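Enquirer: Right, I'll just put the structure down here and ask away after.
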Amino acid sequence: MIMRSDFLVLGASGATGSLIAGHLVQRGGRVVLAGRDAARLAETAARLDSDAVSVLTVDLADPASLAAAARAGRVLVNTVGPFTRLAPAVVAACVDAGTAYVDLANERAAVRALLDRDVEAREHGVALVTGAGFGPAATEALVLTLLGQGVRPAAVTVASAATSAYDTEGVRTTVAEAAAEGATRYRAGELVRTPLGTGATTLTFGGMTRAVIPVPTGDLEAARQASGAPDVTAYAVPRGSGETEHRSHGYAELADADGQLHVAELSTGEGFAFTAALAAETASRLLDGPPPGAWTAAGLLGAERVAALPGTTIELGR
């Protein structure tokens, strides 16, 4: 019988995957670096320079290859998007193998699809986690913080403005595919779609007023899942807007039945660094054996553990 490593990072030679692998190695984990390019994986392994690291080539289109990857670690960290299209086969392989799963998805459809596997995950005794990145964890942590203050919302507004050190092809492809869904929001509990760009407004957070648009991101599903509010909108600063900040910001506004607004803001550093730290924290939590089911990362960890990530603060507003 081959002993499983602690973690398998799928897409480990990419920008985010290599950062996550580094965090996991620093935590003392045994890590399998997995992906399709053996040479790039070997370069990543050489940079990590650890006896706890091994390499495995994986073909996502080959069920046998994917099944072998799912059996190679106790926790599989999936960094390969677009998640709406590519994650389902990886999730299915993990369920079959009894392997805990975590991904970085922030497409609305991908986050919803993972959460909809809750019954299946419980039946198989497996923990499945989605959204282990700046989006949607930053805004969901804020919603959870306000709920912890006793707020019972009738409507929820969340918004994000992330700064990124990388402009990767994977991120561009994921954003483009998600954008095809158009502007989405929940109204009276129903998902409403309009052309992307409609519903633009301004919100003040992170010390400045920002032009934002409704977006089909995982923030929408995470806020809806956490709050149960019938009306939910997720906004983001459009890519290429020209903002040149060095920090990333999240915003949440909960309106109660009396119309009173409750606000919280999150501030952190560069978005990929936050994502890598959060994904490593989530994967480590999965190694401890949480109850089976489908979760968001912030829902699994709680707002306090998100706020405890390096350089991150949460503040309550008006």
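Enquirer: Ignoring everything but the protein chains, give the 1.4 Å probe accessible area of Asp231 in square angstrom, nearest 10.
Expert: Accessible area of Asp231: about 50 Å².
Enquirer: A follow-up question, please. By how many degrees, 0 to 90 and rounded to 10, does the Cα axis of helix 83-97 deviate from the longest principal axis of the chain?
Expert: Taking the Cα atoms of the chain, the angle to 83-97 is about 50 degrees.
Enquirer: Compute the distribution of all C-alpha to C-alpha distances in the chain, in bins of 10 Å from 0, and list the percent of pairs in each, rounded to whole numbers.
Expert: The distribution over the chain is 6, 29, 36, 21, 7, 1, 0, given as percents.
Enquirer: What does the accessible area per residue of the chain come to in Å², with a 1.4 Å probe and no ligands, DNA or RNA counted?
Expert: Value for the chain: 42 Å² per residue.
Enquirer: Still on this structure, I have one more. Kindly provide the helix-only [θ] at 222 nm of the chain, computed as the sum of -39,500 (n - 2.57) over DSSP H runs of four or more divided by all residues, to the nearest 500 deg cm²/dmol? Kindly include the intermediate steps, with their values, before the conclusion.
Expert: Numbers: 12 runs with 126 residues, N = 318.
The per-residue figure over the chain is -12000 deg cm²/dmol.
Enquirer: State, as an integer percentage, the relative contact order of segment 48-161 based on alpha-carbon contacts under 8 Å between residues 6 or more apart.
Expert: Relative contact order here is 19 percent.
Enquirer: Where does each of 35-47, 247-259 land if you order them by average Cβ count within 10 Å, highest first?
Expert: Ranked by mean Cβ neighbours within 10 Å, highest first: 247-259, 35-47.
Enquirer: Each residue of segment 276-282 in turn: what ³J(HN,Hα) in whole Hz from Karplus with 6.51, -1.76, 1.60 and θ = phi - 60°, glycine and Pro shown as x?
Expert: 4, 5, 5, 4, 5, 5, 5
Enquirer: Using unit Cβ charges (K, R positive; D, E negative) and no other charged atoms, how large, in debye to the nearest 20, is the dipole of segment 34-102 about its Cα centre? The partial results should precede the final answer.
Expert: On the way: 6 positive and 7 negative charges, 35 e Å.
So the dipole magnitude of segment 34-102 works out to roughly 160 debye.
Enquirer: Equivalent-ellipsoid semi-axes (√(5λ), Cα gyration tensor) for segment 210-318, whole Å, largest first?
Expert: After diagonalising the Cα gyration tensor, the semi-axes are 23, 20, 14 Å.
Enquirer: Related question: With springs connecting C-alpha atoms under 10 Å apart, model the chain as a Gaussian network and identify which of Thr268, Thr204, Thr79 has the largest mean-square fluctuation.
Expert: Thr204
Enquirer: Can you give the three extents of the C-alpha atoms in segment 35-117 along their principal axes, from longest to shortest, in whole Å?
Expert: 39, 24, 21
The values are calculated or read from the model by the stated rules, or taken from the named source; none is laboratory data. Everything numeric here is computed off the predicted structure, so don't read it as measured data. All Cβ positions, even for glycine, are placed from backbone atoms using ideal geometry, and neighbour counts span all protein chains on display. Note: areas computed on protein heavy atoms with side chains; ligands, DNA, RNA excluded. Shrake-Rupley method; radii C 1.70, N 1.55, O 1.52, S 1.80 Å.
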